[in-house]
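Heads up, the thing below is written out as structure tokens.
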Amino acid sequence: MQQNRHTFHIPVMGLAYTIDSPIKVAKYGISSVVSITDDELIEKMRAFYSQKFSFPYLEITSKSHDCRAERIKSYLNLVDVIVKYKFENFKIELSENKVSLENFIRMLPNKSDLKNGLQKLIDEGNAAKETVKKYLSEAMSPGEIDVNIMTKVDKDNFIKHEQLPIEFNDAHAALRGFAKSDLSSSVVLSAGMNPRLYSYFENFSAFFPDINLELKKKIILKVSDFRSALIQGNFLAKKGLWVSEYRIESGLNCGGHAFATDGLLLGPILEEFKSKKNQLIQSAHELLTKALELKNKPIPTEPLSLKITAQGGVGTSEEHLFLLDHYEMDSVGWGSPFLLVPEATSVDIETRNLLANAKEDDFYLSAISPLGIPFNTVKGTSNEKWKQKRIHENKAGSSCPKRLLALSKEYENEGLCMASKKYQDIKLTELESIKNDMSIGEFKKQKETITEKSCLCVGLANSAYMENDIEIKGQQQGIVICPGPNLAYFDKVVSLTEMVQHIYGNANLISDKNRPNMFVKELKMYVDYLKNELANCSETITSAQIKKWQTFKNNVSVGIEYYENLFLNSTYFIETQAIILEQLNYYKSELNRVEIP
């Protein structure tokens, strides 16, 4: 029985920041998630690691048949081989080197059976090489090599203006690459439901229970509320597909794209998952068995395993334990803080230093994403400098070499990215034609709305190239990075051991004593979000908008009341209880002052 499961995981970050995280951390039993959106980046990383570990490499060019799926499959297979190789060597190192063994023990959860077992061997004088090696072989396993697909980033693809079949769409091809790989792990689906993509899962037997009722490949859904989880889980179950984990993420207090809820706060959402977990399981199990029967596949008599995890804004060991104990989470995601850990993520030195020195006001929710979804980022990135330089020179927009986000079909059937020069040139020309019909201020505002979009495809990938001295070709885009606001309270580059010890309460990396509780921070963001929505609303307000804002405000109000009861009666956060309650009262007053038209 493997006992080394850490109680945290590293979620996907950007296109490149966790692109090779499993190679770096899986040997310690730490699970992480690789983005499989950018097959060009993936191919270059395959070339890099093939050379580093002396594996043969044959390039899969963009002209190869099914190149996207083949590149992804080949890279994931390589990562799998490297992880297994490093894991076996690590076990040998631990059995032969007492210092390495003691350092590893310090990284494990305090209540870990593996930690206690290894410490017992040392204390009893049984830490002989063969004894430790045998114990590790039985009790230890590497972390998961999971992958992420943004479901809506599913661009149609063309050859000589002729549209290819849907299975060659970006997300479909990425899924095929993972499905055909040797990995036995999970695909994390984020950004909402894509029925066509979900249906495509049925083409791969690895997602269905085998004769032993086990799943070689699993499905994880990243969700922001219970209703969404229930709808998506049941949709998949009707196809005979089981969701093995619901990964709940704060709508706003997170990294990357922010999908705000209708004012539903994380605490009440987690409470609903806790109280209705059995409903989630039984509902999907009943639909699953019926679907599997129709498909003549093995049918589990009992529901398959289901985990519920949470992430978004967690920053202290007390918050970590609270999520595990009070809400009964199976794991907690720690993302942005790991951007300051060179042993875990791929971030160039300049950007790491920018993140370490950034203050609370430097992190903000931007409109730079071509997807039109609010995007968490930080001031002072090199991408912002290059973008502003082009705007100043009247050359706004990206050359758009990758076209991963060329999803707008407003002007072309093959799609344009809203950050591309071609798209922005059209929009700016249109704007110039009606310039005389608006004020100078309105013209400037609309122009900024067009030109503020950043090339995420290149900006989110460049860091891995720079970190690994891989040549960057094409237009200079610099770095786009997407940390959550929680990173403001971490102010230095640290080792993997230091970060893990911080998570488990055996070290403290936060020097700012004024850091707000994760739930209070999210509450502030939701109150600010509502204020901004109202401040930026158009002159014509519909009854539907008014209803939406009122629902939002009511949900936030209910959330505040929930937190008041929670913190008054919790055995956690005793030292900060008075401050938290005072802050809750402040935001309640702020919310009450918000007037819905």
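The values are calculated or read from the model by the stated rules, or taken from the named source; none is laboratory data. Note that the coordinates shown come from a computational prediction; the quantities given were computed from them, not determined experimentally. Because the Cβ atoms are built from the backbone with ideal geometry, glycine has one as well, and the counts that use them run over all protein chains shown. Accessible surface areas use protein heavy atoms only, side chains included; no ligands, DNA or RNA. Shrake-Rupley method; radii C 1.70, N 1.55, O 1.52, S 1.80 Å.
Taking the Cβ-Cβ separation of Glu412 and Ile166 as r and a Förster radius of 25 Å, what is the calculated FRET efficiency to the nearest 0.05?
Efficiency at R0 = 25 Å is approximately 0.85.
Where does the stretch 113-185 land on the Kirkwood hydrodynamic radius, alpha-carbon pairs, in angstrom?
16.4 Å
Quote the relative contact order of the chain in percent (integer), defining contacts as alpha-carbon pairs under 8 Å separated by 6+ residues.
15 percent
Using alpha-carbon pairs under 8 Å, 6+ residues apart, how would you state the relative contact order of the stretch 383-474 in percent?
Dividing the mean separation by the residue count of the stretch 383-474 yields 28 percent.
Under a point-charge model restricted to the Cβ atoms of Lys and Arg (+1) and Asp and Glu (-1), what is the dipole moment magnitude of the chain relative to its Cα centre, in debye to the nearest 20?
Here the size comes out at about 820 debye.
Quick check of the Kirkwood formula: for the stretch 450-564, what is the inverse mean of 1/r over all pairs of different Cα atoms, in Å?
18.7 Å
Taking only DSSP H segments of four or more residues, each worth -39500 (n - 2.57), what value at 222 nm results for the chain once the sum is divided by all its residues, to the nearest 500 deg cm²/dmol?
Helix-only estimate at 222 nm: -14500 deg cm²/dmol.
Loop by DSSP (not H, G, I, E, B), at most 15 other beta-carbon atoms within 10 Å: where is the longest site-free stretch of the chain for trypsin sites (Lys or Arg not before Pro)?
The answer is 514-592.
Positive end of the dipole of the chain, charges at C-beta (+1 Lys, Arg; -1 Asp, Glu), about the Cα centre: which of Pro195, Thr351, Ser463 has its Cα farthest in that direction?
Of the candidates, Pro195 comes out farthest on the positive side.
Could you tell me which of rounded, prolate or oblate describes the stretch 352-465, using a ≥ b ≥ c as the square roots of the eigenvalues of the alpha-carbon gyration tensor, with rounded for a/c under 1.5 and, failing that, prolate when a/b is larger than b/c and oblate otherwise?
It is oblate, given that a/c is not under 1.5 and a/b is not larger than b/c.
Rounded to the nearest whole Å³, what is the per residue volume of the convex hull around the Cα atoms of the stretch 422-470?
76 Å³
Just list whichever of Lys152/Lys180; Lys24/Lys160; Lys73/Lys395 have alpha carbons separated by over 29 Å in the model shown.
The answer is Lys24/Lys160; Lys73/Lys395.
With 20 Å as the limit, write out which pairs from Lys86/Lys134; Lys133/Lys217; Lys387/Lys444; Lys52/Lys217; Lys218/Lys402 have Cα-Cα distances beyond it, or answer none.
Beyond 20 Å: Lys133/Lys217; Lys52/Lys217; Lys218/Lys402.
Can you work out the accessible area per residue across the chain, with the rest of the protein chains kept in place, probe 1.4 Å, in square angstrom?
For the chain, the solvent-accessible area averages 45 Å² per residue.
Classify the stretch 37-179 from the C-alpha gyration tensor, please: rounded if a/c falls under 1.5, else prolate or oblate depending on whether a/b exceeds b/c.
prolate
Do any GluC sites (Glu not before Pro) in the stretch 521-594 lie in a DSSP loop with no more than 13 other beta carbon atoms within 10 Å, and if so, which?
Passing sites in the stretch 521-594 are Glu539, Glu575.
Just the number, please: carbon plus sulfur as a percent of the accessible area of the chain, 1.4 Å probe, no ligands or DNA/RNA counted.
50 percent
May I have the pair-distance distribution P(r) for the stretch 98-244, computed from all Cα-Cα distances with 10 Å bins from 0 and rounded to whole percent?
10, 30, 21, 19, 14, 5, 1, 0
What does the convex hull of the Cα atoms come to per residue for the stretch 519-597, in Å³?
So the per-residue hull volume is 72 Å³.
I need the calculated FRET efficiency for the pair Glu130 and Glu88, taking r as the beta carbon distance and R₀ as 22 Å, to the nearest 0.05.
Calculated transfer efficiency: 0.90.
Just to confirm my numbers, what's the Cα centroid distance between the stretch 18-96 and the stretch 456-479 in Å?
The stretch 18-96 and the stretch 456-479 have Cα centres separated by 19 Å.
Considering only C-alpha atoms, what is the centroid distance from the stretch 125-198 to the stretch 213-283, in Å?
18 Å
Determine which residues of the stretch 531-569 fall in the zone a paramagnetic label at Ser439 would reach in this model, i.e. backbone nitrogen under 16 Å from the point 7 Å along Cα→Cβ.
535-540
Find which of Val147, Ala206, Ile373 sits farthest along the positive direction of the dipole of the chain, computed with +1 on the beta-carbon of Lys and Arg, -1 on that of Asp and Glu, about the Cα centre.
Of the candidates, Ala206 comes out farthest on the positive side.
Taking each pair of different alpha-carbon atoms in the stretch 193-287 once, compute 1/r for the pair, average those values, and report the inverse of that mean as the Kirkwood hydrodynamic radius in Å to one decimal.
Hydrodynamic radius (Kirkwood, Cα only) of the stretch 193-287 equals 14.3 Å.
With a Cα-only, solvent-free Debye model of the stretch 301-396, what are the log10 I(q)/I(0) values at q = 0.13 Å⁻¹?
Listed by q, the Debye log ratios stand at -0.68.
With every protein chain in place, what's the accessible area of Ser399 (1.4 Å probe, Å², nearest 10)?
Rounded to the nearest 10, the figure is 70 Å².
With every protein chain kept in the model, how would you rank Ser570, Ser275 by accessible area, 1.4 Å probe, largest at the top?
Largest accessible area first, the residues go Ser275, Ser570.
Which shape class, rounded, prolate or oblate, goes with the stretch 32-94 when its Cα gyration tensor gives a ≥ b ≥ c as root eigenvalues, a/c under 1.5 marks rounded, and past that a/b bigger than b/c marks prolate?
prolate
Quick one: of the DSSP bridges fully inside the chain, what percent are antiparallel, nearest 5?
Percent antiparallel among DSSP bridges in the chain is about 20.
Could you calculate the contour length gain from Glu430 to Asn508, that is, 0.36 nm times the residue separation minus the distance between their Cα atoms, to one decimal place in nm?
Full-extension gain reported as 22.7 nm.
Tell me, in nm to one decimal, what length is gained between Arg593 and Ser199 on full extension, where the rule is 0.36 nm per residue of separation less the Cα-Cα distance?
137.2 nm
Relative contact order of the stretch 327-441: what whole-number percent is it, with Cα pairs under 8 angstrom and at least 6 residues apart?
Normalised by residue count, the contact order of the stretch 327-441 is 14 percent.
Given the Cα atoms of the stretch 218-264, and with Rh set as the inverse mean 1/r over their pairs in the Kirkwood sense, what is Rg to Rh to two decimals?
A ratio of 1.02.
Here are labelled values, (i) 26.9, 97; (ii) 24.0, 76; (iii) 24.5, 85, and one is the computed Rg and Dmax of the Cα atoms in Å for what I pasted. Which one?
(iii)
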